[in-house]
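The values are calculated or read from the model by the stated rules, or taken from the named source; none is laboratory data. What you are looking at is a predicted structure, and each value in this text was computed from that prediction instead of being measured. Please note: Cβ atoms are built from the backbone with ideal geometry, for glycine as well, and neighbour counts cover all protein chains shown. Ligands, DNA and RNA are stripped out before the accessible areas are found, and what is left, the full protein with its side chains, is counted by its heavy atoms. Shrake-Rupley method; radii C 1.70, N 1.55, O 1.52, S 1.80 Å.
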Amino acid sequence: MSELLTLKGTNGVSEIHIESGLLARAASVIGETFSPSRIHIVSDSTVAPLYLEQLEQQFTLPVTHTVIPAGEEHKRLSTVEGIYHDLLANGMTRKDLIIALGGGVGDITGFAAATFLRGVSLCQIPTTLLAQVDSSVGGKTGVDMPEGKNLVGAFYQPRLVLIDPAVLATLPDQTFADGMAEVVKYGYISNREILDMVSAPDYKKNIERIICECVRIKRDVVTIDEHDTGLRMILNFGHTIGHAAEKLGNYVDLTHGQAVAVGMVAAMRLSAMLGNEDLSERLIGILEHIGLPTELKYGREDIYRSLLSDKKKFGATVNFILVREPGRAEITPIGAEKLHEYVLKL
Ligand code: GLY
């Protein structure tokens, strides 16, 4: 199957192609959209040995690359500066093209593309499930600061996103499961059919269809609220308590997907405390089936304090994404005092 979705953002239209085997013909798809004089690819030390040569050799025009060390600790401004130096050394102009090849390099490469010469065209080729269903689509770019994750960045839509589900075959099980946490999120916030698909014993066989459904949701949400001032917040289901847990574990004890998984279960329980139907049992079953954790391992006072540091972003309340029924979510602000009471009961 092959799917083409478009997303109209403030810096232009993104074309999102989803098709198994797409990486092997990336240059021809890129050639239909761009006519750059040169291309610069940014990849990391995990993905480059697998796919960089295969991509580079498809082009007849000059192609250069930067390979950055894999890992969140390298998603920082000094790494972006290194990318700028490579772009300058290779004579890249505003008419040229930057490609982000990988799962972890999308945010930082997007930020480099958004800022180099005030904006150079960007193509995302995500190679993890998490990046394919979430971070490569929607134009959030950025880097971490010592004070916190993603604190510096820009909204900058890639002109092209090439999603090849076949590359997921090389992913370690844990990395695949991390992406599935985001898939489950989409099921609960917008399309319950996704939950039925991922509950099947052989759900991985349907991964292309699952990716298409998730990306369609993301596209629709970002089309309405590109700059994350309203509806886009529903994409944070499970992420509020998830971020609090991730921080408490110093970003080492839990992967992002694991944190989102425990965060979704906690959000479901909190939703039940507010009088909604308790949907946590089925959610736990689905997460266990995928191989994701479901229980918060940290003290509830610690979770509360960690949540309050997020609260600074929102003012007097924390915005929780609560699921009323599978496929329907809403943003609910909760005041600090009430939140304390609920979190202690989780
Ligand atoms: N990953 C959430 C968003 O793109 O808004």
Rounded to the nearest 10 Å², the accessible area of PHE111 at probe 1.4 Å | 20
Averaged per residue, what accessible surface does the chain expose to a 1.4 Å probe, in Å²?
-> 42
Looking at the stretch 11-94, which trypsin sites (Lys or Arg not before Pro) are in a loop (DSSP not H, G, I, E or B) and have at most 12 other Cβ atoms within 10 Å?
-> ARG94
Candidates PRO172, PRO293, PRO69: whichever shows maximal mean-square fluctuation once the chain is modelled as a Gaussian network with Cα springs under 10 Å = PRO172
Using only the alpha carbons of the chain, determine the length spanned along each of the three principal axes and report them from longest to shortest in whole angstroms.
-> 61, 41, 34
With DSSP loop assignment and no more than 15 other C-beta atoms within 10 Å, the GluC sites (Glu not before Pro) in the stretch 225-294 are GLU277
Subtracting the Cα-Cα distance from 0.36 nm times the residue separation, let me have the gained length for SER45 to GLU301 in nm, one decimal.
-> 88.3 nm
Quick one: order PHE237, PHE155 from most to least accessible surface, probe 1.4 Å.
-> PHE155, PHE237
Over all alpha-carbon pairs of the stretch 40-123, lay out the pair-distance distribution in 10 Å bins, whole %, shortest bin first.
-> 19, 56, 24, 1
The chain, relative contact order in percent, only Cα pairs under 8 angstrom and at least six apart counted = 15
Gain upon complete extension [ASP253, SER35; 0.36 nm per residue less C-alpha separation] | 74.0 nm
Starting from the Cα of ASP228, move 7 Å in the Cα-to-Cβ direction to define the label point; list residues of the stretch 94-112 whose amide nitrogen is under 16 Å from there.
-> 106-112
Between rounded, prolate and oblate, where does the stretch 204-253 land on the alpha carbon gyration tensor, with a ≥ b ≥ c its root eigenvalues, rounded for a/c under 1.5, else prolate if a/b exceeds b/c?
-> oblate
Once you have the Cα-Cα distance between LEU117 and ILE331, take 0.36 nm times their residue separation minus that, and quote the gain in nm to one decimal.
-> 73.3 nm
Heavy-atom accessible surface of the stretch 232-346: percent carbon and sulfur, 1.4 Å = 50
Rounded, prolate or oblate: which one fits the stretch 279-346, using the alpha carbon gyration tensor with axes a ≥ b ≥ c (rounded when a/c is under 1.5, else prolate when a/b beats b/c, else oblate)?
-> oblate
In a shell of Cβ-Cβ distance under 14 Å around ILE18, excluding ILE18 itself, what net charge do Lys and Arg (+1) and Asp and Glu (-1) give?
-> -2
Near SER2, within a Cβ-to-Cβ distance under 13 Å, what is the net charge of the other residues, with Lys and Arg +1 and Asp and Glu -1?
-> -3
For GLU19, solvent-accessible area (1.4 Å; no DNA, RNA or ligand), Å² | 40
Which value in deg cm²/dmol, rounded to the nearest 500, describes the helix-derived mean residue ellipticity at 222 nm for the chain, given -39,500 (n - 2.57) per DSSP H run of n ≥ 4 and division by the residue count?
-> -12500 deg cm²/dmol
By the Cα gyration tensor axes a ≥ b ≥ c (a/c under 1.5 gives rounded; else a/b larger than b/c gives prolate, otherwise oblate), the shape of the stretch 109-191 is prolate
Under a GNM of the chain (C-alpha, springs under 10 Å), which listed residue has the highest mean-square fluctuation: TYR203, TYR51, TYR156?
-> TYR203
